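Beneath this line is the structure, given in C-alpha cells, with notes to follow.
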Amino acid sequence: MRRKDREITDFNEIMKIIDKCDTCRLALIDEEYPYIVPLNFGVDVVDGQVYFYFHSANQGKKLDLIRKHPKATFEMDCEHRIILYKERMSCTMGYASVIGHGTIEFVDDEYKYDALKILMRHYHSEAFQFNTDLMKATTVFCLKVQDMVGKRRDNWHPEEKTKMAVSLE
C-alpha cells in the first residue's frame, strides 16, 4: 500500500469496519474482463479465520464464474464523507475500506440455514424467521479469507469534523 499512514492491519479494527459495511463487492475472474458484483453478506470468525457468506439464485453468471475459478478479490467500504478545505478551496473524501482475497466454496444444503442466519445477523436480523421452503431456490456460498487489509482516510481536525464534513451515508 502506497499510503502506509492510512493502512489498517489490526484485526479488530478491520472487523469494526466490516461490521459497518452493508455491501461486499466480489471481483471474479471472467475471460476478458474482471466481473464485479455487489452482494449482501454475513461474516463469521472461527478460530481467527474469517468467512464471508453470500446468497443468490440457483443459477447465473457469478455462480458459473465461481465454478470455473473459485478465487476472488473482495472489497467493502463505509464512513463516506466529503472533507472540505475552505482555506485551500479543495476537498477530498473520507472513508474506511477493507480489501482482500479468498477462495469460494458452496455451502452444502445441510448447513445452508445456519449460513443464512449468519448473513441475517450482519444486518441485525438474526431473530428473523424466514421461510425455509425458499432455501431450495437459494444457493449459499462462502469465501474463506486468505488475506485482508483495511484503509482509512480521516484526517480532519476535530473542529472541522462538525463544520466541514458532509456525510454521504
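Taken together, the values in this text are just the output of simple stated rules run on the coordinates, not laboratory data. Given the structure is predicted, the values throughout are model-derived calculations rather than measurements. No Cβ is skipped: glycine too gets one built from the backbone with ideal geometry, and neighbour counts run over all protein chains shown.
To the nearest 20 debye, what charge dipole does the stretch 35-82 have about its Cα centre, counting +1 at the Cβ of each Lys and Arg and -1 at the Cβ of each Asp and Glu? Present the calculation step by step, with values, prior to reporting the outcome.
Details: 6 positive and 6 negative charges, 73 e Å.
Taking the Cα centre of the stretch 35-82 as origin, the dipole is about 360 debye.
Going by alpha carbons, how many degrees (0 to 90, nearest 10) lie between the helix axis of 11-20 and the longest principal axis of the chain?
Roughly 80 degrees, rounded to the nearest 10.
Using only Cα atoms, tell me the angle between helix 109-122 and the longest principal axis of the chain; keep it within 0 to 90° and round to the nearest 10.
20 degrees
Rounded to two decimal places and with Rh computed the Kirkwood way over Cα pairs, what is Rg over Rh for the stretch 50-91? List each step's numbers first, then the result.
On the way: Rg = 19.1 Å, Rh = 14.5 Å.
On the Cα set of the stretch 50-91, Rg over Rh gives 1.32.
Viscosity 1.306 mPa s, temperature 10 °C: give me the Stokes-Einstein translational D for the stretch 24-109 in µm²/s, with Rh taken as the Kirkwood radius over C-alpha pairs. Walk me through the numbers on the way to the answer.
Working: Rh = 15.2 Å.
Stokes-Einstein gives a translational diffusion coefficient of 104 µm²/s.
Would you compute the Debye intensity of the chain from its alpha-carbon atoms alone, equal scatterers and no solvent, and pass along log10 I(q)/I(0) at q = 0.16 Å⁻¹ to two decimals?
Each listed q corresponds, in turn, to -0.98.
Size of the dipole of the chain about the Cα centre, Lys and Arg at +1 and Asp and Glu at -1 on the beta carbon, nothing else charged, in debye to 20? Show your work: numbers first, answer last.
Working: 25 positive and 28 negative charges, 127 e Å.
Rounded to the nearest 20 debye, it is 600 debye.
Pull up the cross-link candidates among the aspartates and glutamates for residue 62, meaning alpha carbon to alpha carbon under 17 Å and not fewer than 8 places away within one chain.
Qualifying aspartates and glutamates at Cα under 17 Å: 30, 31, 32, 75, 105.
Got the relative contact order for the stretch 1-123 handy, in percent, Cα pairs under 8 Å and 6 or more residues apart?
27 percent
Provide the per-residue ³J(HN,Hα) series for the stretch 75-86, in order, calculated from phi with Karplus coefficients 6.51, -1.76, 1.60 and θ = phi - 60°, each as a whole number of Hz, with x at glycine and proline positions.
Each residue of the stretch 75-86 in turn: 8, 8, 8, 7, 6, 6, 7, 7, 10, 9, 10, 4 Hz.
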